[in-house]
Every structure is written in C-alpha cells, then in structure tokens.
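Quick notes on the structure that follows.
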Amino acid sequence: MLDLFTQLADWLAYNLIGLSPDTRLGTAIHFFIEDTTKILFLLVVMIYVIALARASLNLERVRAYIQQKHRLKGYFFGSGFGAITPFCSCSSIPLFLGFTSAGIPLGITMAFLFTSPIINEVAVIMLWSLLGWKFTVAYIVIGMAVGIIGGMILDLVKGERWLKDFAAKAYQKAAVEADNHENDIEVPEAPKLTMAERHQFAKDELKEIVGRIWKWVLIGVGLGAALHGFVPDGWFAENLGSGQWWSVPAAVFAGLPLYSNATGVIPVMESLIMKGLPVGTTLAFCMSTVAASFPEFIMLKQVMTFRLLAIIFVILLANFMVVGWVINAIGPWLFAGF
C-alpha cells in the first residue's frame, strides 16, 4: 500500500515536473511529495477510524481499567501499547487526543506517545535481520525505557497543567467523572449511536483535527525534505564518527530537524554503523529523528503550551544523550562480534 505513495512521488517529481532523481532538488521534492501524501492519508484514515471507534467505545472504562492498576503498571501499559502500534509520531497524535479526553493520566499517555514512534513490529523485524538480536533487544528495552521514564517525570511535575485549553477541559471533565465514579456517584453510560451518527461524529472530528494541523504537516515535512535533499551524504559519519563525548549531543541536535519513522530510519542506522559511527551516537541520532523531530513538536503545539513542549523536549534530549553515552561505553561488550 505504502509503495503507492512512492510511485505517486516518482510520477509527480520525475515525470510530471521533470526533475532528475540524481539531483538534490529532485530528491528533496520527491521526499516532500511522498511523505506529505503518506502522512496526510494516514492522518485522515486513522483519525476517522479512531473517532468511529470512540463514538461507541466507553473510554471511561479504559481509563478506569488503567487507573485501577498501579501507576507503574500503567506506564508499562502505555509504553507497551506504543510499542505494538505501527504509528509514526504524527499519526500517534489522534490517539494521544483520545487518551487525554478519556482522562488517562498524562504520564501514561506520554509513555505511549514517546514509545510509539521509536518501536513498531516492522522496525523490530528489520532490526533483527540487519543488526542481529542483541541490537534489537537493546533497542526495544531502550525505547520502552525512554517512554516510561519520560511519563514518570511528566506526572511528577503535573504536566497536565500545561495542556491547551480544549485538551485541558476534556481531561478535567473526564477526571471529575472518574472522581464521581470512585465516590459511587452514578456516571451516565455512553450513548448508543447508530452507524450514521457514528459516521457523522467521526467526520466532524476529522474535519476539526485535520483543519487544525494540515498546514503544520506541510511546514514540518518541507523542512525535513530540505535537509534530506541538501545535507550531503556521509556528512554525519564524517563529522560525528570520532566517538568523543560531544558527538552524542551533536548527533541528537543534528537529528532534530529531520523527519522519519522507525521503519525508515533502520537502514540509515545500519549504514551509519557500517561507516564507523559509534552505536550509541547512531542510536541517539536516530531516536532524535523519529521521536523528537520538529514535525512532531509542531503538531503537538496544537494541544500543548510552550512550557509543556519545552519540558518534553528537555526530557527526550536528556534521555537520548544518556542512552548514547551509555551504549557507547558498553557497546564493545554488548555488540561484540557485530
């Protein structure tokens, strides 16, 4: 299915517009067309499907189930759910909105949002075949740890205070309903809707969300396309391959403007390692690209204040740097024989 977007980009960029795939401009335009159409398509489909399910799903029950668990189990639940959902950072946003409106604690929701773009089953299969089981297991453990630790920190600082008004009101409303439920105050059952009513609900939600974020998709992917097309091949390996301490934060910041998903970044990861970039530095760069990219933060800006975004940004960057330094230190033992 996703090959169709590549074929569409091939036809538009190379046949209709007449650009050459051997030029940097051609590569950048092709990247922009392919990722923009793919992301917008996935957003439209996922928002509609999720809204259709939400129309008949009692999210209060999901929230209550998670709330009944120990909070630490909730973080594992959120991170684990993120690991098995095949979404990039952008297409995870609708689920984030659904969790928030259900009153699920922000830390658990963010554990999902942090982990989802880093890990998916396709990426795991590719990692296993390209880099071996040790690297794959380490990647999964690290990805889930980033989500769990990030979620715990956001709950400690009570990050829900800094959601945008519409998201905060939905969260507070669900929290009040949860308190009423805990105090044996009757909470009304979710209304049973007809298929036509569910469709209308999903269509309205789709129109609202896409209408709010489509321009940010274009801006974010455009920035990523420019860097994808015009940053010379091999630049990162040449400039960040020394293994010195500063190469890890440099790799993290270098990955921020780029945009990719976990599946797309795996071959890049293999190439960087094969060209001599240390494993920890490579991990830090790739995790920064898929989980802390500018496109994701541009979209999250629609539901979060700058203060909350800044806290999330610092949490992610600190996690990625620690991951890079630790893996660089233990890499020769962990990946012996790689």
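Output the residues belonging to segment 42-99 that are within 16 Å of the chain's Cα centre (by Cα), polar (S, T, N, Q) and modelled with pLDDT under 70.
Selection gives Thr85, Ser89, Ser91, Ser92.
When the residues of segment 269-279 are narrowed to those that are of a type in the set (A, V, I, L, M, F, W, C) and under 18 Å from Trp133 (Cα atoms), which ends up modelled with the lowest pLDDT?
Only one residue fits best here, namely Met274.
Considering only segment 269-296, how many residues are over 20 Å from Asp35 (Cβ atoms), part of a helix (DSSP H, G or I) and not charged (D, E, K, R)?
Selection size over segment 269-296: 9.
Output yes when any residue across segment 297-310 is more than 27 Å from Pro21 (Cα to Cα), among the polar types (S, T, N, Q), modelled with pLDDT of 75 or more and not in a loop (DSSP other than H, G, I, E, B), and no when none is.
No, segment 297-310 has no match at all.
Identify the residue in segment 15-37 that is modelled with pLDDT of 80 or more and closer than 30 Å to Lys203 by Cα and, among all such residues, is nearest to the chain's Cα centre (by Cα).
The residue in question is Thr36.
Please indicate, with yes or no, whether at least one residue in segment 126-139 is modelled with pLDDT under 75 and under 21 Å from the mean Cα position of the chain (by Cα).
yes
The values are calculated or read from the model by the stated rules, or taken from the named source; none is laboratory data. This one's a predicted model, so the numbers in the text were calculated from it and none came from an experiment. No Cβ is skipped: glycine too gets one built from the backbone with ideal geometry, and neighbour counts run over all protein chains shown.
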